[in-house]
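The values are calculated or read from the model by the stated rules, or taken from the named source; none is laboratory data. Everything numeric here is computed off the predicted structure, so don't read it as measured data. Cβ atoms come from the backbone with ideal geometry, glycine included; neighbour counts cover every protein chain shown. Accessible surface is based on the protein model in full, side chains and every heavy atom, while ligands, DNA and RNA are left aside. Shrake-Rupley method; radii C 1.70, N 1.55, O 1.52, S 1.80 Å.
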Amino acid sequence: MKLGLGIDTGGTYTDAVLMDLSDGRILDSNKALTTHSNLVEGIEKVISCLKQEYLKDIKLVSVSTTLSTNSTLEGKGHPAGLILAGYTVGGEVPVHHMISIDGGHDSKGNEISCLDLKDVEEFVNSTQGRLFSYAISSYFAIRNPEHELAVKETIERLTDKPVVCGHELSLSLGAYERAVTAVLNARLIPITSRFIQAVLSVMGTRNIKAPLMVMKCDGSLSRIEEALEKPVESIFSGPAASLVGAAHISGLKTCVAVDIGGTSTDIALMEDGIPEISENGAVVGNWKTMVRAVRIRTSAMGGDSHVWVQRKLFIGPNRVIPLCLAASDYPVLEEKLRKTEKPSDRVMDDIFQPTSFFVRARNSGSEEDIHALNYSIEFELENYERPIFEAIGYEPVSVSEISEVVGKHPLQFLEALRSLVQKRCIFHIGFTPTDALHVLGEYEAWNSEASLRGAELLGSYLGFDPESFSREIKRTFAKNIALDLLAFFTKDFKREDLEKLLASTRFTKFKINIPLVMIGAPVKAYVSELGEFIDADIRVPRFHEVGNAVGALVGNIIKRSEILIRPAGSATEQYYVFSEVERKIADNYLEAVDYGLDLMEKLIFGHMNGYGLQKAQVRFDLERKDLNPGYGASKETRLMGLGVGSPLKLEQ
């Protein structure tokens with residue numbers, strides 16, 4: 001028997017599945033809470049609860065995670081240096097050490113200035129003690145990468161730090177975006193390396209001897225070596241895995257997937273077995289990249305989104321630890337909820353709620369826990385934060401309890417609490433949609449009594465009993481999913497216009513003509529309410545709880561490549577053939593096209609062969625676009641190749 005192990009580390013859960021690679025059947029699955037303080041812990045726990053007799057037959061391991069996304073959003077990438085050749089950037093770049101040197105090429109790949117490697121040597125020698133990696137971006141390197149490769153060779157001669165070239169990540173026009181992409185990639189290399197080494201460590205402990213693959217954000221899989229070189233390509237691997245997994249467990253080649261996670265809800269589209277790719281590069285926080293990614297609509301509303309009241313109901317955008325989960329870890333919390341005082345809603349905000357509690361991370365001995373507990377060592381706390389931090393221990397405390405300890409009115413230290421939560425010095429516990437489902441008996445993983453008391457406290461401000469309050473949360477949550485679906489399919493409409501459209505459902509209803517597959521632990525609870533707002537074939541397939549882990553395993557190996565054929569000049573019949581590997585000069589147009597077609601096949605099938613896939617096991621699509629400007633101008637041609645192969649077809 002040849003099995004595959006799929007693992008997804010998300011914001012709330014780490015999921016794992018065991019699959020028969022011969023037919024795609026899922027043999028076993030498991031969920032465990034993600035241990036943010038030590039990801040290895042969660043991965044070890046989720047594997048330990050699988051059927052251990054199967055582990056010896058594992059021939060392939062594949063993972064997806066939000067680690068790269070979170071690191072980029074939180075600005076936690078490691079320091080990198082940037083070398084620009086032939087230009088300077090006008091916008092911000094996520095780097096503190098940067099130089100611009102002579103060099104670069106024009107749009108035809110001709111050198112516009114001699115490359116200055118002396119400045120590169122001085123830059124590396126003066127910074128390598130402070131930096132973890134280097135990024136290089138040369139002007140029009142997509143037409144001729146010689147200068148980027150020369151700078152890379154120089155850096156590698158001086159240091160063993162990782163080096164990233166912009167042309168290795170994207171062949172699209174846009175020097176600034178390519179520089180940002182290269183820097184982000186360089187900053188993520190140490191983070192991704194530690195994560196993959198942690199996974200390999202768990203595999204070693206469990207004696208799992210199999211190749212490890214990583215889901216990329218375009219829904220394809222890559223070898224571990226490629227993932228370590230280009231970690232930026234796994235920024236959205238989690239949402240991409242949910243889409244691929246949704247298609248597999250539903251048996252559909254075309255569908256829209258809705259993944260309800262702890263932090264967010266993600267929507268994406270699969271058409272004819274291929275994920276729909278965004279026309280623009282992936283946008284992460286404030287950074288627009290050139291990373292090819294699945295088109296995703298993300299809403300900051302998930303099972304752990306904070307539910308709070310201030311004369312009306314709010315859900316999110318911040319994530320908190322659900323009351324039901326916290327009460328399972330801290331039994332004292334249930335009693336505190338019974339005794340808590342109700343503040344006036346005039347002074348309440350998302351931090352100051354009768355259901356808000358705060359706690360420090362327990363020290364399990366892991367690197368990140370120690371970092372959180374000794375935060376002031378690495379990041380000095382502000383003076384106004386320190387007494388609040390010291391008033392919070394390893395058992396949950398309410399805002400009122402903190403007020404008693406520090407001798408201040410809550411309004412005087414709410415900003416300090418907010419800042420400490422953002423810095424991850426402390427954790428915020430509060431009411432969530434997950435608690436609402438516990439109250440209604442539709443999801444019962446943890447302490448329902450804590451959820452019930454929380455719903456009673458918050459609902460009383462709005463005139464609701466606990467059940468009515470929880471049903472209102474559930475309906476609001478479903479309505480927001482419907483709005484995001486409308487926004488996903490109707491790209492150019494404003495959200496307020498879509499809200500008006502959704503409100504007029506007495507005689508009309510928005511219809512989705514392809515199946516809607518729901519992924520995530522609690523999704524069954526939202527099917528009925530979602531059906532009130534949209535007309536769709538809503539499906540909740542078996543193994544929906546671990547759909548992301550399924551996707552991490554069954555994603556295809558995809559290779560995309562573009563070749564541009566352009567005239568070398570007005571006074572010659574020669575043509576340039578620009579590709580990801582070279583700039584070739586052909587004597588005429590027909591020779592250039594023939595060379596390009598042959599090269600495309602070599603690039604696609606050569607890549608697939610590196611994964612052990614033979615030509616007969618690969619789907620190969622070729623699109624050709626000819627541009628004839630007229631008025632005596634020479635023809636241009638763009639070749640776009642797509643190769644698709646499945647690891648399930650690999651000959652083990």
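Grab the other residues whose beta carbon is less than 14 angstrom from that of ILE58, score K and R as +1, D and E as -1, and report the net. Can you show the working numbers first?
Values: positive: LYS2, LYS51, LYS56, LYS59, ARG206, LYS209; negative: ASP20, ASP28, GLU53, ASP57.
Within the 14 Å Cβ shell, the charges total +2.
Please identify every one of the GluC sites (Glu not before Pro) in region 237-324 that sits in a loop by DSSP and has no more than 13 other beta carbons within 10 Å of its own beta carbon. Display every interim value, and only then the final one.
Details: sites: GLU271, GLU276, GLU279; in loops: GLU276, GLU279.
Within region 237-324, the qualifying GluC sites (Glu not before Pro) (loop, at most 13 other Cβ atoms within 10 Å) are GLU279.
Count neighbours as other Cβ atoms within 10 Å of each site's Cβ, and list the trypsin sites (Lys or Arg not before Pro) in region 106-194 that are DSSP loop with at most 12 such neighbours. Please list the in-between numbers first.
Details: sites: LYS108, LYS118, ARG130, ARG143, LYS152, ARG157, ARG178, ARG187, ARG194; in loops: LYS108, ARG130, ARG143.
Taking region 106-194 and a limit of 12 other Cβ atoms within 10 Å, the loop trypsin sites (Lys or Arg not before Pro) found are ARG130.
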Which pairs break 31 Å Cα to Cα here: LYS2/LYS615; LYS31/LYS423; LYS230/LYS479; LYS152/LYS216; LYS45/LYS288?
-> LYS230/LYS479; LYS45/LYS288
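Over the chain, what is the relative contact order in percent, taking alpha-carbon pairs closer than 8 angstrom and at least six residues apart?
Values: 1416 pairs, mean separation 86.9, N = 652.
It comes to 13 percent, rounded to a whole number.
Using a probe radius of 1.4 Å on heavy atoms only, what accessible surface per residue do you get for region 520-652? Whole Å² is fine. Numbers along the way, then the final one.
Details: 6320 Å² over 133 residues.
Counting only protein heavy atoms, the per-residue value for region 520-652 is 48 Å².
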Any idea of the accessible area per residue across region 438-515, 1.4 Å probe, to the nearest Å²?
-> 54 Å²
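Would you work out the charge dipole size for region 108-193 about its Cα centre, treating the Cβ of every Lys and Arg as +1 and the Cβ of every Asp and Glu as -1, and quote it to the nearest 20 debye?
Details: 9 positive and 12 negative charges, 51 e Å.
Charge dipole, region 108-193, about its Cα centre: 240 debye, nearest 20.
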Counting only protein heavy atoms and rolling a 1.4 Å probe, one gets per residue an accessible area for region 37-167 in Å² of 43 Å²
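So in the chain, what percent of DSSP beta bridges are antiparallel if you round to the nearest 5? Intermediate results must be reported in sequence, preceding the final value.
Working: 69 of 104 bridges.
Antiparallel bridges: around 65 percent, rounded to the nearest 5.
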Ordering 599-605, 310-316 by per-residue average of other C-beta atoms within 10 angstrom, highest first, gives 599-605, 310-316
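At a Förster radius of 30 Å, what calculated FRET efficiency corresponds to the Cβ-Cβ distance of GLU341 and THR490, to the nearest 0.05?
Approximately 0.05, to the nearest 0.05.
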Taking a probe of 1.4 angstrom, what is the accessible area of SER278 in Å², to the nearest 10?
-> 40 Å²
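Give me the dipole magnitude in Debye, nearest 20, for the chain about the Cα centre, with unit charges on the beta carbon: positive for Lys and Arg, negative for Asp and Glu. Working shown, then result.
Working: 71 positive and 88 negative charges, 203 e Å.
I would put it at about 980 debye.
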Extreme residue, positive dipole direction of the chain, given options VAL359, SER278, LEU483 (C-beta unit charges) | LEU483
With a length cut of 18 Å (Cα positions projected on each helix's long axis) and a Kyte-Doolittle mean of at least -1.0, go through the chain and give me the DSSP H helices that pass.
-> 146-158, 175-205, 237-250, 448-462, 466-489, 589-609
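Ignoring ligands, DNA and RNA, what percent of the 1.4 Å accessible area of the chain is carbon and sulfur?
On the way: 13350 of 28170 Å².
Answer for the chain: carbon and sulfur cover 47 percent of the accessible area.
If you filter region 426-522 for trypsin sites (Lys or Arg not before Pro), then keep DSSP loop positions with at most 13 other Cβ within 10 Å, what is left? Numbers along the way, then the final one.
On the way: sites: ARG453, ARG471, LYS474, ARG475, LYS479, LYS491, LYS494, ARG495, LYS500, ARG506, LYS509, LYS511; in loops: LYS491, LYS494, ARG506, LYS509.
Here the trypsin sites (Lys or Arg not before Pro) that fit, given the DSSP loop and packing criteria, are LYS491, LYS494, ARG506.
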For region 431-500 and region 196-270, compute the distance between their C-alpha centroids and round to whole Å.
-> 28 Å
Whichever aspartates and glutamates have a C-alpha closer than 13 Å to that of LYS509, once near sequence neighbours (fewer than 8 apart) are set aside | GLU499, GLU532, ASP535
Gap separating the Cα centres of region 29-54 and region 272-348, nearest whole Å | 23 Å
Identify the residues of region 292-314 with backbone N under 15 Å of a label point that sits 7 angstrom from the Cα of GLU276 along the Cα-to-Cβ direction, or state none.
-> 293-298
Here the gain from full extension of ALA571 to SER328, 0.36 nm per residue of separation minus their alpha-carbon distance, amounts to 79.7 nm
Gyration tensor on Cα atoms of the chain, a ≥ b ≥ c root eigenvalues, a/c under 1.5 rounded, else prolate if a/b beats b/c, else oblate, says prolate
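Summing Lys, Arg as +1 and Asp, Glu as -1, what charge do residues with Cβ under 13 Å from the Cβ of ARG418 carry, ARG418 excluded? List each step's numbers first, then the result.
Details: positive: LYS423, ARG424; negative: ASP349, ASP350, GLU382, GLU385, GLU415.
So the environment of ARG418 carries a net charge of -3.
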